[in-house]
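See below for the structure under consideration.
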Amino acid sequence: MKRLFSLILLIFILMMLSVNFAQEKIQIQPEKDWEKIIIVPNPEPILKLDLWLNKPQGSVYKVGEDLIIYARANDDVYLYIFDITPDGQFKLIFPNSYSKDNFIKKDKVYTFPDKPTYKFKVTPPFGKEYIVGIITKKPIEIFPGKRFENLAPGSVIEKKVEVALDNIQKTLKREEGKTWAQSVTFFYVQEAQVRSSIKISSNPPGASVYLDNDYQGTTPITLMLLPGNYRITLKKEGYLDYSTNIVVQEGRDREYNFTLQPAYGNLRIETDPRGASVYLDGSYKGLTPLILYNIPAKTYQLRIVYPGYQERVETIRVEPNKTTYLSYSLIPLYGSLSINSIPQGAEVYLNGVYRGKTPLVINNINPGRYQIQLRLKGYKDYVGFVDVYSGQISTYNFTLVPLLATLNVFSTPSGADVYINGVYKGKTPLSVSDLSAGSYNVRVTLSGYEDYYETVYLESGDVKQLNVTLKPISSEINIDSQPRGARVYIDGKYQGTTPITLYLREGRYTLTLSLEGYNDLTTEIVVKPRDKASYMFTLVPIVVTKTYYLNFTKGGYDGNLIVVRAENVFMDKEGKEYALVIRSSGVFEVKVPSPFNFKDVILKINLFFERDEKKKSEIYPSLVILVNGKNITLPISFEDKDYVIAKWNIGDFFDPNKENVITIRVLSEAQNNVRVKEIVVEGR
């Protein structure tokens, strides 16, 4: 079948908009130009993608001409290439059903099409077309539900480019900026109809040219236009607008030269108070009220000056054949500031300069925004901003916040729990800085030590330190095992490994010892007040009569379990070792050879997934483990390492007289991949 496909030459057509010759001016309708929204802003542009074609960017391609795409990245990444057609469709280029592997190496140039089974040939529609490239450090699902490896190059992903670009924006913004990058290039397709060269000049030059109300540039200008009727409008500051209709004939070049007529208007300016000096474009014109007749109709910089008032600078426009009326109320240069506080007597600093104590009025201040700081003993400094307005008194009232006290608690040994007035605050060493003035009952407690109590009085702004030496509880329990190194649990809580000395309070406790390769030992111990007891336990080895396994750390399938199914999985190196990565909707299935007749069958999987810190004893909710198609229960234990070793007793699910199948499945709604280093089946 592969040999048959290699003989097929599949030509996928790229859709493009109309254009004529390379030397002609290309005109794209604004609503069809997506240049400004293709690129997603990247806060950490570490990765870089170079994307180019077999012609320079912006070149014109003839219909039927081959299009070749080149790509190069500055790191090992995954590459995605898409096509935006001018008629609003978003198409797939790479990866595709012929080139499924989209992982590319650092600084290597890749060429597309990359296989002889397909080509890109240029066809209509005509115009500007974009090639969009995206690189990522890990495979991502840009369009949910779209499996690029199952789609032919040229397949339509979205019929509306706006929908596709919005989807890309949302997908990339969920990723860290340093894990992705974009690049865009474009080209044009030659248009079948011949354009004509239309040269437009004006006297004076520099007039803005509008073609059917669309801005084209300034005179002199040459436009490449299709045959038809057009409305030409010329606009220039100080001159009357000029409009006319022109007829463009196919292949017939024309030149037009238009003379613009100057425009004049009147300007009337009034101010309060009167007598202000008026300047137009820096030239003095007189005192207000002022009327200026027959001045060029254009845009001016107006400046109004009057002693004791703020200078007024405006950009104004004198309209043709009209009188423009302007009236201004001038603003005095100074203002006042009134400051009060609760309680009063706070020191006031304005932009760092001491001005007095509250209540306070400061006069003759230039208008603007100032930083204000209020200081009063026993209260927090207030820092903010106040605004001063010309000719006004700006009033501000501030309520100061009393300073809080700080209590620092240290203990020997550290790590003790601290309660203040019965409320848990944290572990020592501890600093509590939000305490109001008053008396506080402090309790310091640590397992194996007697509780410590003290009453502390704090005043506003106090910083006190409490040093506590905890006294061990006299009940000393020594636990050892043969062999040593067993994990010790008291009432299910991990304590350390044997040999270990514990300080326990009076009572009954459930003691569990656990060591890899040995049966767990669980017993009850009784602790008496101020007692000293020693325990020695001999652990019983687990007898493993038969083991099947599959290890992935060397980058392959190493072991004697039989792989029967592997979907949506890949090998990924992490440090010096590999792991099998199962993506969303991925399935990995192995077979245990028969016969396998044991009372206890232990399944152990060394895996990694994101876990809820509050639910460490629960399996990943999107991870399903099946034995012979049946969903097995939660694991009997977890062992915390870099990875997690989850253990199940699956003997009840096994048929000893046939081959048994174990399935690892990651559900489609999973947000993260699952990494597996080893699968082990032990018969005991």
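Quick note: the coordinates plus some simple rules give every number you see, no bench work behind them. Since the model is a prediction, treat every value here as computed from it, not as a measurement. A quick note on method: Cβ atoms are made from the backbone with ideal geometry, for glycine too, and the neighbour counts reach across all protein chains shown.
Some points to look at:
- The range 101-160 - charge dipole about Cα centre, Lys and Arg +1 at Cβ, Asp and Glu -1, debye rounded to 20: 60 debye
- On Cα atoms only, tilt of 161-173 relative to the major axis of the chain in degrees: 50 degrees
- Taking the Cα centre of the chain as origin and assigning +1 to Lys and Arg Cβ atoms and -1 to Asp and Glu Cβ atoms, the resulting dipole is close to 560 debye.
- Cα lying deepest toward the dipole's positive end in the chain, options VAL348, SER534, ILE602, charges on Cβ: ILE602
- For the pair PHE570 and TYR354, label points projected 7 Å from Cα toward Cβ lie 6.9 nm apart.
- Global form of the range 196-259, assessed from the alpha-carbon gyration tensor, a/c cut-off 1.5: prolate
- Cross-link check: pairs LYS199/LYS298; LYS119/LYS159; LYS108/LYS677; LYS235/LYS322; LYS108/LYS173; LYS576/LYS630 evaluated at a Cα-Cα cut-off of 29 Å; pairs beyond the cut-off: LYS108/LYS677; LYS576/LYS630.
- Ordering TYR494, LEU521, ALA437 by the projection of their Cα atoms onto the charge dipole of the range 403-523, which places +1 on the Cβ of Lys and Arg and -1 on the Cβ of Asp and Glu, puts LEU521 at the extreme positive end.
- Each label was represented as a point 7 Å from its Cα along the Cα-to-Cβ direction; for LEU634 and SER283 these points are 8.9 nm apart.
- Full extension of the chain between ASN321 and LYS658 yields a length gain of 111.1 nm, computed as 0.36 nm times the residue separation minus the alpha carbon distance.
- Dipole of the chain computed with +1 at Lys/Arg Cβ and -1 at Asp/Glu Cβ about the Cα centre; of TRP180, TYR370, SER202, farthest Cα towards the positive end is SER202.
- Set LYS121/LYS146; LYS62/LYS91; LYS357/LYS425; LYS471/LYS493 screened for pairs whose C-alpha atoms are more than 28 Å apart: LYS357/LYS425
- For the range 570-582, 3J(HN,Hα) computed residue by residue from phi via the Karplus equation (6.51, -1.76, 1.60; θ = phi - 60°) reads 7, 8, 9, 8, 9, x, 8, 10, 9, 8, 7, 9, 9 Hz, glycine and proline entered as x.
- Chain lengthening between TYR293 and ASP531 when straightened (0.36 nm per residue, less Cα-Cα): 74.5 nm
- Pairwise FRET efficiency - ASN672 versus ASP87, Cβ, R0 = 35 Å, nearest 0.05: 0.35
- Using R0 = 30 Å, the C-beta based FRET efficiency linking GLU311 and LYS235 works out to 0.40.
- Global geometry of the chain, whether rounded, prolate or oblate, following the gyration tensor of its Cα atoms and the 1.5 cut on a/c: oblate
- Two-site label geometry, SER431 and THR553: point separation in nm, points 7 Å out along Cα→Cβ: 4.4 nm
- Whether the range 476-538 is rounded, prolate or oblate, judged on the alpha carbon gyration tensor where a/c under 1.5 counts as rounded: prolate
- Cβ-Cβ distance of LEU404 and GLU175, R₀ of 51 Å, FRET efficiency by 1/(1 + (r/R0)^6): the value works out to about 0.75.
- ³J(HN,Hα) computed for each position of the range 360-376 - Karplus, 6.51 cos²θ - 1.76 cosθ + 1.60, integer Hz, glycine/proline x: 8, 10, 10, 9, 6, 10, 5, x, x, 9, 10, 7, 10, 9, 10, 10, 8
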